[in-house]
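First comes the structure, then the notes that go with it.
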Amino acid sequence: MQKQITLQNKTVAYTLRKSRRAKRMRLAVYCNGAVVVTTPYGLQETIAEKFIREKTDWLFSKIAFFKQFQGKLASRHSKEDYLKYKDEALFLAQERVDFFNKQYGFTYNAIRVKNQKTRWGSCSKKGNLNFNYKILFLSESARDYIIVHELCHLKEFNHSKRFWNLVSQIIPNYLEIRKNFKNGYIGLSDLNC
């Protein structure tokens, strides 16, 4: 549902999504500047608006951050961008892999960050996990999906039902996230992994 709210004398358009799976409210700003609020089903819209107002400073900082990339798709970042952000992206990838692997307990070799044009991540037969540095610019749910996706390839080196069952243990809404990738909510029109 498309909505608008006025914050600090500025009108902000956002999408309000109600989810039966959501246990808490979530505010996200995507690479394309889209603002999305997800709430548990049945929660009053006035509570969602109050939540947005409480997050005004954070919201404007994220909108400003993504505005600097306006006119550039995430796939068109330069080599300078890669050099500037690769260490931060590597730290993030290592942190999230460690976090999620506490549940799985998989063995992996190395984690690397690359500057790839079409791939968000990959897992090699040697157990190396590779991530595109641009995961840094994705929403938390999209970023976590990519990391969990590649982590699960350590156990299932395919896209079988067993693989998706592993992914769903941590990302139960993975189908929705994949759909968002395909619909361009994250800055690229498709996901290759």
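Can you say whether residue 147 is crowded, with 18+ Cβ neighbours inside 10 Å, in contact with a Leu (Cβ under 9 Å, 6 or more places away or on another chain) and modelled with pLDDT under 95, as far as the supplied structure shows? Before the answer, list the steps.
Numbers: crowded, with 18+ Cβ neighbours inside 10 Å: yes; in contact with a Leu (Cβ under 9 Å, 6 or more places away or on another chain): yes; modelled with pLDDT under 95: no.
So residue 147 does not fit the description; no.
If you check residue 129 against the conditions, is it farther than 18 Å from residue 36 by Cβ, touching a Cys at 6+ places or on another chain (Cβ under 6 Å) and modelled with pLDDT of 95 or more? So residue 129 fits the description; yes. For residue 19, the criteria (1) within 18 Å of residue 172 (Cβ to Cβ); (2) crowded, with 16+ Cβ neighbours inside 10 Å; (3) not aromatic (Phe, Trp, Tyr) hold in every case but one, which is (2).
Which residues, counting only those in region 25-48, are closer than 18 Å to residue 7 by Cβ and surrounded by fewer than 16 Cβ atoms within 10 Å (Cβ to Cβ)? Residues satisfying the conditions are 33, 45, 46, 47.
Kindly evaluate residue 89 against the criterion of being closer than 17 Å to residue 170 by Cα, surrounded by 12 or more Cβ atoms within 10 Å (Cβ to Cβ) and touching a strand residue (DSSP E or B) at 6+ places or on another chain (Cβ under 7 Å). Judged against the criteria, residue 89 is not a match.
The values are calculated or read from the model by the stated rules, or taken from the named source; none is laboratory data. Everything quoted here is computed from the prediction, not taken from an experiment. Note that we place each Cβ from the backbone using ideal geometry, even for glycine, and neighbour counts take in every protein chain shown.
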